[in-house]
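Q: Take a look at this one; I'll ask things after.
The values are calculated or read from the model by the stated rules, or taken from the named source; none is laboratory data. All values derive from a computational prediction rather than experimental measurement. Glycine gets a Cβ as well: all are built from the backbone with ideal geometry, and neighbour counts include every protein chain shown. Accessible surface areas use protein heavy atoms only, side chains included; no ligands, DNA or RNA. Shrake-Rupley method; radii C 1.70, N 1.55, O 1.52, S 1.80 Å.
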Amino acid sequence: MRKTVALLGNPNTGKSSLFNALCGMSARVGNYPGITVEKKVGVLQGANEQIDIVDLPGTYSLAARSADEAVTIDVLCGLQPGESKPDAVVVIADATNLERNLYLLSQVVEVGLPTLLVLNMWDRAVSENHEIKVEELAGRLGIPVLVTTASQKKGVVEVRQAIESLLATPVLPSNLARSTFPQSFLEAAAELQSDLAKQNVQVPLLEVDRMLIDKDGHFQKKFAKQNVGDLERTLRATRDKLAEQGCKIPLFETKFRYAWVRTVLDGINTRPAANTVSSSDKVDRWLTHRWVGMFAFLFLMFSVFQAITILAAWPMDWIETTQGALQGFVEQVVAPGAMRSLINDGIIAGIGAVLIFLPQIIILFFFIAVLEDCGYMARAAFVVDKLMTSIGLSGKSFLPLMSSFACAVPGIMATRTIENTRDRMVTILIAPLMSCSARLPVYVLMVTAFVPADVRYLGGWVTLQGIVLFAMNSVGALVAIPVAFLLRKFVFAGQQGSFLLELHSYKWPSLTVLYQRVWERASAFVTRAGTLIFCTAILVWAAGYFPASHEKLDAAQTQWEALTASQQKILPPDGEEPSEANQAAIDDYQAKIDAQAEIINAEKAELINNSYLAMVGKTIEPVVKPLGWDWKIGVATLASFPAREVIIATLGTIYSLGSGEDESSEGLMEKMRSERWPDGRPVYSIATALSVMVFFALCAQCVSTLMIIQREMNSWKWAAFSFVYMTTLAYIGAWVTYAVTNWLGWAA
Amino acid sequence: MSNGDRVSKGLSRLSDLEPGKAAIIQEIDGDDSLASRLMEMGLIDGEEIHCIGRAPMGDPTEYSIRGYRLSLRQAEAKRVILSPSS
């Protein structure tokens, strides 16, 4: 069987960089069964064998208070169902912050596995004058110690070799902090272990320690479920007795471990004086400055959304052109009929309408990854914590909420780092209000189609479209404020959680890490576009195509194409004027072509009006009319229940089916602009566009999000609650938007 | 309980430490999970801690301890009792 090596360390030690450098792009990302802690396994190509590397969540301690920590210790002890105990452990530590990083190591070595210590960020340690005598450190710890700069792949080959030789000749760590613990504790733990053994429950010493030290912790809860008498009372009595003997649970552990770390590092680690100002500090002074800091925060967020609109324009054009070319090609090789309609109006229009937004999504993911990796995200949490506290949340909610701007699913999963349950619940419930990348297509479509592009301010650097886009991206977050406040006050009332946050030094983002994050997220989006959205597009196409007979339309279409072809034949070569007789023949053809086009248009409008789609749409039209929508928008919204971005594909299909032939080469935006009410007024005005955008900003149209809420909060009730409250908000929001803008006269 | 007692005794706390100043930690108040978390992050008696600066809205505050930067709210910094000599 393949050997397994666990990789763990404090957060922000460059663990992802090392993992990527060791395993390349072979990582498989999943979840541990039953819980939502992310499980990442990669394959290390050794000289003789393949080795599985399990990337464990970043953690400061094995005290197992959060779900992340519980998984970490369970995997290390081989208690995680379906996982075998790893054959070795690699602990990665920040070389510029050895003391605190070795705290975790002191706990890990007690698991009793062959252990390798990797001191990462070595380049920085050298440039900041940290002195570490690596060989002596290895000698004192009794385990191999290596240095790396994983972001530049320096020292990675040595790590791979060290892992292989550690697996070939396993050496167990011998210098344990536990041996320095007070005698009273060691005796109490041994006594508890033998007590449990008498009741036929064999518990390894490490788990006994954790059970005793972590009040109401992971192991206490776990063993309380087994039949071991009144475990809680026994533990309480033991802890009381220990306190009398001067061994205060749980605080003694940290004291003794840090004392052990000090002994280990004594004389072999000198760090720069605390008042040394590094370049990171100089940057930080401004980014967390009283006034500049707040301004920098707002400026950064605003720039990100401006950059998205500006940078994405070119690739979007390219995708649109390719889509038109593809459809033109299909028209040449497939005869008019259901098949051509399915390919062009269903498949290509559906997928193209979603893919066109890929550039923007990649750019957004890229910026989020940069901010995360360079260290600004933690500062952003620091800067906005007071603000978040005032609405009952914490700065720690910031990262999950900011990630939710990309997608609520990873955002909600990121709430695991919030230890306070009530803070976490509220964060989960408002996370879907953040404007995720699936809404971006809806906004971009509406903004590009209906907000004038030539309105620019400040020398052309700020566009009106950019401002509206920014406003739409902010609407959800603004609405989230009162929602969070009310939830915290009435539903999850109680004490605020803590805010212990490490502000790690700024660093240049690592390209591999950026590449991998963007790749993972963008490919997830494309997979969705390729499956869920594809299926919905086909269903919507079918509902819009049937049940009426298309014979007349297909006949007219064939006629139109034949006429166009004949006209092409008699056209003079480029640049030459046609003769008079020739011109008359061309005009004659043109008149016939126009007549056929008119029949096609009328027929298409007739067909879509009698389709299943229209039947559903017209039934719900009275409900959506107050929002300024016609039945087509209503149906598209209904069909986008599985995922918001589906609305684009649906609109693409509906308008493609219902549009005249002469428009077939034009994009969805053109078709929407030319859409009319029966009385001739345009369907889309700025008011309608804004109303659609506000609806999508606030609605809960995303099955994945609802499912992740169910899993994280462990109840369908909260998933249903999210759907109902958000849909209500969305409807009211859209109605108010339409009513106000209509009153302002923007509905014309 | 002990919180109020100690305030009245006039013990100096980390929350009172001004930006730019440093002090020595005497002990952590309480034995709940916040106390253990603070200690896990290296706030142990005898350790020197520097106050770097406050966030734009006055809270939380950035500290330097054991060569790294940590952010704490006033409410949490209150739990850290400083040695009177510092």
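Q: Keeping to the range B:23-37, report how many residues are touching a residue at least 12 places away in the same chain (Cβ under 8 Å), within 11 Å of another protein chain (Cβ to nearest Cβ) and among the small types (G, A, S).
A: 2
Q: Right, A:D216: surrounded by fewer than 20 Cβ atoms within 10 Å (Cβ to Cβ), assigned by TED's automatic domain parsing to the domain that holds A:D240 and over 39 Å from the mean Cα position of the chain (by Cα) or not? Spell out how you get there, then give the answer.
A: Details: surrounded by fewer than 20 Cβ atoms within 10 Å (Cβ to Cβ): yes; assigned by TED's automatic domain parsing to the domain that holds A:D240: yes; over 39 Å from the mean Cα position of the chain (by Cα): no.
Here the answer is no, as A:D216 does not meet what is asked.
Q: Which is modelled with pLDDT under 85 and within 30 Å of B:G58 (Cβ to Cβ), of A:M339, A:M377?
A: Values: A:M339 fails: within 30 Å of B:G58 (Cβ to Cβ).
Just a single option satisfies the conditions, and that option is A:M377.
Q: Could you list, in sequence order, all residues of the range A:391-415 that are more than 9 Å from chain B (Cβ to nearest Cβ), out of contact with any Cys (no Cβ under 7 Å at 6 or more places or on another chain) and either closer than 16 Å to A:Q496 by Cα or small (G, A, S) (or both)? Walk me through it before giving the result.
A: From the range A:391-415, those more than 9 Å from chain B (Cβ to nearest Cβ) are A:391-393, A:396-415; that's our starting set.
So of that shortlist, the ones also out of contact with any Cys (no Cβ under 7 Å at 6 or more places or on another chain) come out as A:391-393, A:396-403, A:409-415.
Scanning the range A:391-415 gives A:I391, A:G392, A:L393, A:K396, A:S397, A:F398, A:S403, A:G411, A:A414, A:T415.
Q: Moving to a separate point now. If you take the residues in the range A:356-395 that are in a helix (DSSP H, G or I) and among the hydroxyl-bearing types (S, T, Y), which one is nearest to B:G53 (Cα to Cα)?
A: The initial filter retains those residues of the range A:356-395 that are in a helix (DSSP H, G or I), namely A:358-374, A:376-390, A:395.
Next, only the ones that are among the hydroxyl-bearing types (S, T, Y) stay: A:376, A:389-390.
On the way: A:Y376: 16, A:T389: 19, A:S390: 21 Å.
That would be A:Y376.
Listed here are the residues, each with its yes/no results for (1) surrounded by 16 or more Cβ atoms within 10 Å (Cβ to Cβ); (2) within 14 Å of chain B (Cβ to nearest Cβ); (3) touching a strand residue (DSSP E or B) at 6+ places or on another chain (Cβ under 9 Å); (4) of a type in the set (S, T, Y).
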| residue | (1), (2), (3), (4) |
| --- | --- |
| A:Q306 | yes, no, yes, no |
| A:A312 | yes, no, no, no |
| A:T322 | no, no, no, yes |
| A:F329 | no, no, no, no |
| A:Q332 | no, no, no, no |
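Q: Can you pull out the residues in the range A:244-257 that are surrounded by fewer than 14 Cβ atoms within 10 Å (Cβ to Cβ) and assigned to a helix (DSSP H, G or I)?
A: Selection gives A:E244 alone.
Q: Find all pairs meeting these conditions: Cβ atoms under 6 angstrom apart; at least six residues apart or on different chains; first residue within the range A:174-202 and under 23 Å from A:D240 (Cα atoms); second residue open to solvent by 20 Å² or more (accessible area, probe 1.4 Å) and of a type outside the set (A, V, I, L, M, F, W, C).
A: If the second residue must be open to solvent by 20 Å² or more (accessible area, probe 1.4 Å) and of a type outside the set (A, V, I, L, M, F, W, C), the pairs left are A:R178/A:E110; A:S184/A:Q245; A:A188/A:T238.
Q: Condition check: closer than 24 Å to A:A406 by Cβ, open to solvent by 20 Å² or more (accessible area, probe 1.4 Å) and within 14 Å of chain B (Cβ to nearest Cβ). Does A:L298 satisfy that?
A: Numbers: closer than 24 Å to A:A406 by Cβ: yes; open to solvent by 20 Å² or more (accessible area, probe 1.4 Å): yes; within 14 Å of chain B (Cβ to nearest Cβ): yes.
Yes: the conditions hold for A:L298.
Q: Next question, about the same structure. Could you check how many residues of the range A:224-243 are open to solvent by less than 10 Å² (accessible area, probe 1.4 Å) and either of a type in the set (S, T, Y) or closer than 23 Å to A:S61 by Cα (or both)? Steps first, please.
A: Step one: filter the range A:224-243 for residues open to solvent by less than 10 Å² (accessible area, probe 1.4 Å), giving A:228, A:231, A:235, A:242.
Subsequent filtering for residues that are either of a type in the set (S, T, Y) or closer than 23 Å to A:S61 by Cα (or both) retains A:235, A:242.
Qualifying residue count, the range A:224-243: 2.
Q: Now, a different point. Mind counting the residues in the range A:258-283 that are more than 10 Å from chain B (Cβ to nearest Cβ), closer than 21 Å to B:M39 by Cα and part of a helix (DSSP H, G or I)?
A: Total satisfying the criteria: 4.
Q: Only residues that are more than 14 Å from chain B (Cβ to nearest Cβ), more than 26 Å from the chain's Cα centre (by Cα) and in a strand (DSSP E or B): list them for the range A:65-99, please.
A: If the condition is that a residue be more than 14 Å from chain B (Cβ to nearest Cβ), more than 26 Å from the chain's Cα centre (by Cα) and in a strand (DSSP E or B), then A:A88, A:V89, A:V90, A:V91 are the ones that fit.
Q: Scan the range A:203-219 residue by residue and report those that are over 17 Å from B:S36 (Cα atoms) and of a type outside the set (A, V, I, L, M, F, W, C).
A: Within the range A:203-219, A:P204, A:E207 qualify.
Q: Looking at the structure I just gave you, is A:F382 within 26 Å of B:T61 (Cα to Cα) and among the hydrophobic types (A, V, I, L, M, F, W, C)? If you could, list the steps in order and put the result at the bottom.
A: Values: within 26 Å of B:T61 (Cα to Cα): yes; among the hydrophobic types (A, V, I, L, M, F, W, C): yes.
Spelling it out, A:F382 is indeed within 26 Å of B:T61 (Cα to Cα) and among the hydrophobic types (A, V, I, L, M, F, W, C).
Q: Can you tell me which residue within the range A:182-194, out of those that are within 24 Å of A:R65 (Cβ to Cβ) and surrounded by fewer than 19 Cβ atoms within 10 Å (Cβ to Cβ), is nearest to the other protein chains (Cβ to nearest Cβ)? Before the answer, list the steps.
A: Step one: list which residues in the range A:182-194 are within 24 Å of A:R65 (Cβ to Cβ), which gives A:182, A:185-186, A:188-189, A:192-193.
Imposing the further condition that a residue be surrounded by fewer than 19 Cβ atoms within 10 Å (Cβ to Cβ) reduces the set to A:182, A:186.
Numbers: A:P182: 16, A:L186: 20 Å.
Per the criteria, the residue is A:P182.
Q: Taking the stated definitions as given, is A:F302 assigned to a helix (DSSP H, G or I), in contact (Cβ under 8 Å) with a residue 12 or more places away in the chain and within 36 Å of the chain's Cα centre (by Cα)? Break it down into steps so the answer makes sense when it comes.
A: On the way: assigned to a helix (DSSP H, G or I): yes; in contact (Cβ under 8 Å) with a residue 12 or more places away in the chain: yes; within 36 Å of the chain's Cα centre (by Cα): yes.
When the stated conditions are applied, A:F302 passes them.
Q: So in the range B:52-82, with the set limited to residues that are open to solvent by 20 Å² or more (accessible area, probe 1.4 Å) and more than 9 Å from chain A (Cβ to nearest Cβ), which one is farthest from B:L38 (Cα to Cα)?
A: Restricting to residues being open to solvent by 20 Å² or more (accessible area, probe 1.4 Å) and more than 9 Å from chain A (Cβ to nearest Cβ), the top hit is B:Q74.
Q: Separate question: Can you name every residue in the range A:195-241 that is within 14 Å of chain B (Cβ to nearest Cβ), in contact with a Lys or Arg (Cβ under 8 Å, 6 or more places away or on another chain) and of a type in the set (A, V, I, L, M, F, W, C)?
A: Scanning the range A:195-241 gives a single hit, A:L212.
Q: From the list A:G466, A:G476, A:G497, pick out the single residue that is part of a helix (DSSP H, G or I), in contact (Cβ under 8 Å) with a residue 24 or more places away in the chain and over 23 Å from A:A700 (Cα atoms).
A: Numbers: A:G476 fails: over 23 Å from A:A700 (Cα atoms); A:G497 fails: part of a helix (DSSP H, G or I).
Exactly one residue qualifies, and that residue is A:G466.
Q: Let me ask something else. Can you find, within the range A:258-295, the residue that is surrounded by the most Cβ atoms within 10 Å (Cβ to Cβ) among those that are among the hydrophobic types (A, V, I, L, M, F, W, C) and at pLDDT 85 or above? Outline the logic, then answer.
A: Going residue by residue through the range A:258-295, those that are among the hydrophobic types (A, V, I, L, M, F, W, C) are A:259-261, A:264-265, A:268, A:273-274, A:277, A:283, A:286-287, A:291-292, A:294-295.
Now narrow it down to the ones that are at pLDDT 85 or above: A:259-261, A:264-265, A:268, A:295.
Details: A:A259: 14, A:W260: 20, A:V261: 22, A:V264: 20, A:L265: 19, A:I268: 16, A:F295: 12.
My answer is A:V261.
Q: Let me ask something additional. Do the conditions hold for A:R488, that is, is it under 19 Å from the mean Cα position of the chain (by Cα) and among the charged types (D, E, K, R)?
A: For A:R488, the condition - under 19 Å from the mean Cα position of the chain (by Cα) and among the charged types (D, E, K, R) - is not met.
Q: Specify which of the listed residues (B:G46, B:G20) is more than 19 Å from A:F499 (Cβ to Cβ), open to solvent by 60 Å² or more (accessible area, probe 1.4 Å), more than 7 Å from chain A (Cβ to nearest Cβ) and not charged (D, E, K, R). Full working, then the answer.
A: Details: B:G46 fails: open to solvent by 60 Å² or more (accessible area, probe 1.4 Å).
Checking each option against the conditions leaves just B:G20.
Q: Taking the range A:500-519 as the search range and keeping residues that are open to solvent by 50 Å² or more (accessible area, probe 1.4 Å) and not in a helix (DSSP H, G or I), which one is nearest to the other protein chains (Cβ to nearest Cβ)?
A: Of the range A:500-519, the ones open to solvent by 50 Å² or more (accessible area, probe 1.4 Å) are A:507-508, A:511-512, A:515, A:517, A:519.
Filter once more, so that each one left must be not in a helix (DSSP H, G or I): A:507-508.
Numbers: A:K507: 13, A:W508: 18 Å.
Among residues in the range A:500-519 that are open to solvent by 50 Å² or more (accessible area, probe 1.4 Å) and not in a helix (DSSP H, G or I), the one nearest to the other protein chains (Cβ to nearest Cβ) is A:K507.
Q: Right, something else. Could you go through the range A:128-149 and let me know if any residue there is of a type in the set (K, R) and open to solvent by 20 Å² or more (accessible area, probe 1.4 Å).
A: Going residue by residue through the range A:128-149, those that are of a type in the set (K, R) are A:133, A:140.
Subsequent filtering for residues that are open to solvent by 20 Å² or more (accessible area, probe 1.4 Å) retains A:133, A:140.
Yes, some residue in the range A:128-149 is of a type in the set (K, R) and open to solvent by 20 Å² or more (accessible area, probe 1.4 Å).
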